[in-house]
Every structure is written in structure tokens, then in C-alpha cells.
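Q: Have a look at this one.
The values are calculated or read from the model by the stated rules, or taken from the named source; none is laboratory data. All values reported here derive from a predicted model rather than from experimental measurement. As a convention, Cβ positions derive from the backbone with ideal geometry for all residues, glycine included, and neighbour counts pool all protein chains shown.
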Amino acid sequence: MSSPAVDAASISDGLELESLDSESLFNALTNVEKAIPELLSSVKPILSHLVSPNASNDEESSGMRAREGVERYMDLLDKIQFILRQTVYYLHATKISSEVLIPPKVDNIPTPFANSLSPSGSKGEVGLGLYGSRIESRVLDDMRNALRDIREEEQQREGTDGLI
């Protein structure tokens, strides 16, 4: 099993952004999710130092652990805030709809061909996904071809009726 110091270092390294593209932001957000437990565990020595009465010789080591916990907490918190701010900036810069960030209603269930849930303001309609759009395109093409064939048949009938 790996040591907590190695785990904390690997979590902290995962919170460094290399670029502002969607893939590196997604990886950083995944690492933020992994860093939250580490952030919360860094509070433990701080609370134990503040709550439990210690002997004078142990008080110094407890104070040092609390100080290290505060430093680790603040470092992780700064990195997490930076990643979250950069993600919001990226979403704003790419003009992604704010409805992406709003969770859907509980009773709003998409159809099997839906790409996404409908926006909260549109009465439960679900947009077509790629597969549904392809099916719709094929059906519309078939309808257009059928109408074209009907027109050609009628023109041929009119042409043969005019000859007789």
C-alpha cells in the first residue's frame, strides 16, 4: 500500500493544468474529485490539535502536524479553486449553454434516441440524437423520392391522356 505522503503528492500533481483544452480540463476535474477526500483528511490534524488537550512535550509535535495540515489544506484548496475557475472560464469562452450545468428534472426521461435532455423551459420535449437525426433524414429522403415518383407518374398519365 502506498504512503499518504506519496498519495498526497500524486493527487497534488494531478491538479496541475497543462493546457486549457477540454481533455486536460476534464482530467483535472476528475483529479479534483479525487482530491476532495485528501482535502478533508488534511483538516483532521488541525481539529485534533484544537480539540484535544495535550501534554506540553506532545503539544509541539501536534502543533507542527496542525501547521502542516493547514499548509496542505490551503495548497489543495488553491489548486482546486484554480481548476474550477479555469473550467468556468472555458465554458464561458466556448459559449457553452449554461443549461449544461443545470441538472435535469427528476421526471424528465429522454427517449432512447435522444442526445440530451430538453432545456428546462421546453415542456418535456427531447431533441434527436445523431442516430435519431439519421433516421429522420432517411425517412425525409424516402418521402421526397416518393413524391417525385408520384409527380412523374402523373406527368406520364397526362402525357398519354393528351395523345389519345
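Q: Would you pick out the residues in the range 23-44 that are polar (S, T, N, Q), assigned to a helix (DSSP H, G or I) and surrounded by 13 or more Cβ atoms within 10 Å (Cβ to Cβ)? Break it down into steps so the answer makes sense when it comes.
A: At the first step, the residues of the range 23-44 found to be polar (S, T, N, Q) are 24, 27, 30-31, 41-42.
Filter again for assigned to a helix (DSSP H, G or I), leaving 24, 27, 30-31, 41.
Matches in the range 23-44: S24, N27, N31, S41.
Q: Counting just the residues of the range 76-119 that are in contact with a Gly (Cβ under 7 Å, 6 or more places away or on another chain) and at pLDDT below 65, which one comes out farthest from A28 (Cα to Cα)?
A: Within the range 76-119, the subset in contact with a Gly (Cβ under 7 Å, 6 or more places away or on another chain) is 108, 113-116, 118.
Pick out the ones that are also at pLDDT below 65 and you get 113-116, 118.
Details: F113: 31, A114: 28, N115: 25, S116: 24, S118: 28 Å.
Only one residue fits best here, namely F113.
Q: Starting from the range 5-28, keep only residues that are closer than 22 Å to R72 by Cα, then list their pairs with residues that are among the β-branched types (V, I, T) and modelled with pLDDT of 75 or more whose Cβ atoms are within a distance under 7 Å, requiring at least 6 positions of separation or different chains.
A: Sorted first by the residue in the range 5-28, then by its partner, the pairs are L15/V32; L15/I80; L15/I83; L17/I83; A28/I83.
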